[in-house]
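Below is one structure; the comments refer to it alone.
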Amino acid sequence: MLISDHFSSVGRWFSAVLLGMALALSGCAETELLVHTAKTAKSQNDTGSKGYYKVGNAYEIQGVWYYPKEEWDYAETGIASWYGPGFHGKQTANGEVFDENALTAAHRTLPMPSIVRVTNLDNGRSIVVRVNDRGPFAHGRIIDMSRRSAQLLGFVRKGTAKVRVELMEPESLQERAEARGEQYVPNPDPTLPSAPAPSAAPSGSVQVAVLNAPSGARSARAAPAATSIAPPAAAATVPASRVPARATTGAGTASPVRPLVSRTQPEPTQIYIQAGSFEDADNAHRLTGRLGAYFQSAHVQPAQVSGKTYYRVRIGPINDVDNADRLLERVIVAGYPGSRIVLD
């Protein structure tokens with residue numbers, strides 16, 4: 001046998017072993033991917049310093065109180081804005097350095113850092129970003145995206161977008177553990193408390209086997225993937241929930257990863273001003289009566305939340321974000337500073 005043939009055979013044998021190991025370990029791939037997303041989403045500035053985990057105390061901005069907390073089931077719809085020029089290179093609220101070209105965002109109450117999925121409801125585009133700053137503090141906004149994030153969601157020219165923001169719990173818990181210098185152990189049963197990290201991983205052998213695909217199975221290469229939008233020469237398609245907001249280089253500094261945008265069906269929504277939400281219907285109707293003197297479209301809208309009925313006092317629907325902004329300011333000036341723009 002020629003030496004070149006010998007090395008070729010060894011190479012083929014080694015590739016087969018690697019493939020077998022990947023197949024053998026695929027049973028825990030979902031958990032590993034969730035952890036990997038948060039682990040590689042750490043953001044560090046060019047000097048190698050990193051931010052810290054922060055929830056923070058209640059605070060007041062322009063007469064409105066905000067109450068930061070760990071809210072692992074957080075999901076909200078509203079209006080997003082974006083920021084970048086004038087803030088690039090400055091320190092974020094948890095000690096990191098803001099990069100307008102990274103996939104990050106500012107939120108008024110979520111822990112920092114945490115991982116959220118943001119979906120533009122008008123065009124169906126969705127990305128995963130890392131929350132590492134506080135804001136926005138303009139009335140009627142629920143999240144402030146970095147410039148690059150707004151570009152990918154398709155609203156950088158328009159300035160605002162109707163969005164849904166959903167916190168990704170496993171990835172965010174991993175971020176918290178990393179920022180605290182702790183080891184994160186994913187909880188296989190969400191109904192049970194998270195298990196403490198073991199002091200040392202048990203040792204054991206790994207059996208490797210190469211399995212043939214079952215008859216009739218479709219090739220993974222040919223399987224349809226979620227529709228995605230990526231810049232030229234995009235990286236291989238992966239689920240959007242697995243795309244990290246940032247990646248760290250071997251030197252410990254941060255570098256942007258190639259972003260991927262998943263796409264779903266756009267969702268028709270209507271804009272309202274919500275002035276209050278009550279468990280007592282009488283309180284809701286009293287507020288509606290007061291607002292009705294100024295805003296003819298004020299009404300009570302019942303809603304079921306976690307088995308309870310809430311009576312929401314709303315004004316609208318309103319035809320666009322600009323009109324909603326103007327109307328919200330009027331409601332706030334009228335004495336209702338906690339009013340906000342909502343989508344339904």
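The calculated FRET efficiency for F137 paired with Q270, based on their beta-carbon distance and R0 = 41 Å, is about 0.95. Between A161 and residues 5 or more places away or on another chain, which pairs have amide H atoms under 5 Å apart, with H built 1.01 Å from N, and which residues are they? Here the answer is A80, since their amide H atoms fall under 5 Å of that of A161.
In this structure, the amide hydrogen of S297, modeled 1.01 Å from its nitrogen in the peptide plane, lies closer than 5 angstrom to those of G316, counting only residues at least 5 positions away or on a different chain. Heavy atoms of the protein chains alone define the surface here; on that basis segment 79-126 has 29 Å² accessible area per residue at 1.4 Å probe size.
At a 1.4 Å probe radius, carbon and sulfur cover how many percent of the accessible area of segment 104-145? Heavy-atom surface of segment 104-145 belonging to carbon and sulfur, 1.4 Å probe: 43 percent. If R0 equals 51 Å, the separation of the Cβ atoms of A293 and K54 corresponds to a calculated FRET efficiency of about 0.75. Residue ranges 125-132, 152-159, 296-303 sort as 125-132, 152-159, 296-303 when ordered by packing (mean number of other C-beta atoms within 10 Å per residue, highest first).
Coupling constants for segment 96-103 follow from the phi torsions by the Karplus curve (6.51 cos²θ - 1.76 cosθ + 1.60, θ = phi - 60°), and in residue order they are 8, 10, 6, 10, 5, 9, 9, 8 Hz; glycine and proline get x. Can you work out the PRE-style zone for Q62? Point 7 Å along Cα to Cβ, and I want the residues of segment 125-154 with backbone N under 11 Å. Only 136-141 fall inside the zone, counting backbone N under 11 Å. Less than 5 angstrom separates the built amide H of I143 from those of S81, all sequence-distant by 5 or more or on a different chain.
Between E71 and N283, the contour length at 0.36 nm per residue exceeds the Cα-Cα span by 73.6 nm. Averaged per residue, segment 254-330 has 57 square angstrom of accessible surface, using a 1.4 angstrom probe with ligands and nucleic acids left out.
Taking a ≥ b ≥ c as the square roots of the eigenvalues of the Cα gyration tensor, an a/c ratio of 1.5 or more together with a/b no larger than b/c marks segment 265-344 as oblate. An oblate overall shape is assigned to segment 270-312, the ratio a/c of its alpha-carbon gyration tensor axes (a ≥ b ≥ c) being 1.5 or greater and a/b not exceeding b/c.
Given a Förster distance of 35 angstrom, what is the FRET efficiency for A334 paired with S306, based on the Cβ-Cβ distance and rounded to 0.05? Once the sixth-power term is evaluated, E becomes 0.70.
When the Cα gyration tensor is reduced to axis lengths a ≥ b ≥ c, the ratio a/c is 1.5 or higher for segment 66-187, and with a/b above b/c it is classed as prolate. The local environment of N319, defined by Cβ-Cβ distances under 13 Å, has a net charge of -1 under the rule Lys, Arg +1 and Asp, Glu -1.
Could you look at segment 299-344 and say what percent of its accessible area is carbon and sulfur, using a 1.4 Å probe and all protein chains? Carbon and sulfur together cover 49 percent of it.
The values are calculated or read from the model by the stated rules, or taken from the named source; none is laboratory data. Note that the coordinates shown come from a computational prediction; the quantities given were computed from them, not determined experimentally. Quick reminder, even Gly has a Cβ in these numbers, built from the backbone with ideal geometry, and neighbours come from all protein chains shown. Each accessible area value is taken on the protein alone, full model and side chains, heavy atoms only, with ligands, DNA and RNA left out. Shrake-Rupley method; radii C 1.70, N 1.55, O 1.52, S 1.80 Å.
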